1. Working only within the range 133-153, note down all residues that are charged (D, E, K, R) and either over 21 Å from residue 192 (Cα atoms) or modelled with pLDDT under 95 (or both).
2. Give the number of residues within the range 22-38 that are in a loop (DSSP other than H, G, I, E, B) and closer than 15 Å to residue 55 by Cβ.
3. Looking only at the range 87-98, filter to residues that are surrounded by fewer than 22 Cβ atoms within 10 Å (Cβ to Cβ) and in contact with a helix residue (DSSP H, G or I) (Cβ under 7 Å, 6 or more places away or on another chain); which one of those is nearest to residue 354 (Cα to Cα)?
4. Taking only the range 253-266 into account, find how many residues are farther than 13 Å from residue 363 by Cα and surrounded by 23 or more Cβ atoms within 10 Å (Cβ to Cβ).
5. Would you pick out the residues in the range 60-74 that are under 11 Å from residue 180 (Cβ atoms) and either more than 15 Å from the chain's Cα centre (by Cα) or free of Cβ contacts under 8 Å to residues at least 24 places away in the same chain (or both)?
6. Which residues, counting only those in the range 5-21, are out of contact with any Gly (no Cβ under 9 Å at 6 or more places or on another chain) and part of a loop (DSSP other than H, G, I, E, B)?
Amino acid sequence: MTRKPDPRTIAATQGVATDTRYGAVVPPLYLSTTYAFAGYDQTSGYDYSRATNPTRDLLAETLAGLEGGAGAVITASGMAAVDLLLSRLRRDDLVIAPHDCYGGTWRLLVERAARGDFRVSFVDQGDDEALKEALGQKPALVYIETPSNPLMRIIDIRKVGALAHGAGAKVAVDNTFLSPALQQPISLGADYVVHSTTKFINGHSDVVGGAVIAADPEEAKALIYWANVVGSIGAPFDAYMTLRGVRTLFPRIAQQEANALAVARFLLRRSEVTAVHYPGLEDHPGHDLARAQQKGFGAMLSFDLAGGIPAVRAFVEAVRVFTLAESLGGVESLIAHPPTMTHASMDPEVRHAAGIGDGLLRLSVGLEAEADLIAGLEAGFAAIG
């Protein structure tokens, strides 16, 4: 019996040395938009690149393998991946979404619902009673984000998934913050996994992309078909670059996680910080659950800074090493202020109800030296001292 490769091996070697024409070790990049027919009604399986492309297909196969899925679709962005999944819903379908989800996801759900494409209900999925009440409305889809963006709340995928399936709903999990290196939602009962591959999967802040992975082969085929219908696919060059990033996913995220834990422990010691949100800390409310369903705690964290907007302004303008910018998951460290950046599209009252206060700062921790990361944050604190 052939042994299934370890995910680290899949990431490093999928497609390597498979070129039968020239023996190229690195899989070739296929930029062609169209492919020759061998004869009447005879194709090689490729005819037009919106439908299928060898480079994009290789990335899809790699991500499906890493997530333990039956198939995947590579999209033009993370939001395109979410929208591809949502666009298959019908007018009367209900989506149960996290009350504290990423601002772009919240905006998409609100706008789609306002157009009458489906109905949406935002629920604290960590509140068993609120969740059960929402599931009583017989949703078509339960959308989970764990860890949540930006407060790093942990949702029990197994438990929520079982309850959702019992109510007749499909389950989708946004796995962007951890990547398949640290969490595989399909093995925990999810029907779909969604990624912004822009983030940790690519890892170099130079490609925008997304992916949807399906657990069921028929669902995978349906998504692939629908992506061709609506044209939400990713470009071949972007897929090529993203596959290059996948090669180093596991060692990158391991070092970034080590740096993030050091940063989180440093922040705990600062009097200017009123709370640190990182599941790797033993006193984090979701620590035990994260240990149970994740292979690590990741490189994302957030913290609440005392002093509100004036303190935030002084801090982000003085901090070093961490660049003030949106996005996350690259080899460089970034700092963001969710209320005015990633979650600015959220209604202020919704933001505050979710716990996203004016003093919240989100960090994406990169590969810099630990001492330099700490010194960079110290420069920020010095400006508000």
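The values are calculated or read from the model by the stated rules, or taken from the named source; none is laboratory data. Every value quoted in this text rests on a predicted model; they were computed, and no experiment measured them. Backbone-built Cβ (ideal geometry, glycine too); neighbour counts: all protein chains shown.
1. 133
2. Kept after step one, since they are in a loop (DSSP other than H, G, I, E, B), are these residues of the range 22-38: 22-33, 35-38.
If we keep only those that are closer than 15 Å to residue 55 by Cβ too, we end up with 24, 26-33, 35.
The number of residues fulfilling the criteria is 10.
3. 87
4. So the answer is 1.
5. Matches in the range 60-74: 62, 65, 68, 69.
6. The answer is 6, 15, 16, 18, 19, 20, 21.
Let's see how each residue does on (1) on the phi > 0 side of the Ramachandran plot; (2) outside the structural domain of residue 16 (by TED's automatic domain parsing); (3) touching a residue at least 40 places away in the same chain (Cβ under 8 Å):
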{"residue": "212", "(1), (2), (3)": "no, no, yes"}
{"residue": "216", "(1), (2), (3)": "no, no, yes"}
{"residue": "220", "(1), (2), (3)": "no, no, yes"}
{"residue": "237", "(1), (2), (3)": "no, no, yes"}
{"residue": "242", "(1), (2), (3)": "no, no, yes"}
{"residue": "256", "(1), (2), (3)": "no, yes, yes"}
{"residue": "261", "(1), (2), (3)": "no, yes, no"}
{"residue": "269", "(1), (2), (3)": "no, yes, no"}
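Yes or no, residue by residue, for (1) in the same structural domain as residue 313 (by TED's automatic domain parsing); (2) within 28 Å of residue 78 (Cβ to Cβ); (3) over 22 Å from the mean Cα position of the chain (by Cα):
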| position | (1), (2), (3) |
| --- | --- |
| 343 | yes, yes, no |
| 348 | yes, yes, yes |
| 357 | yes, yes, yes |
| 367 | yes, yes, no |
| 373 | yes, yes, yes |
| 379 | yes, no, yes |
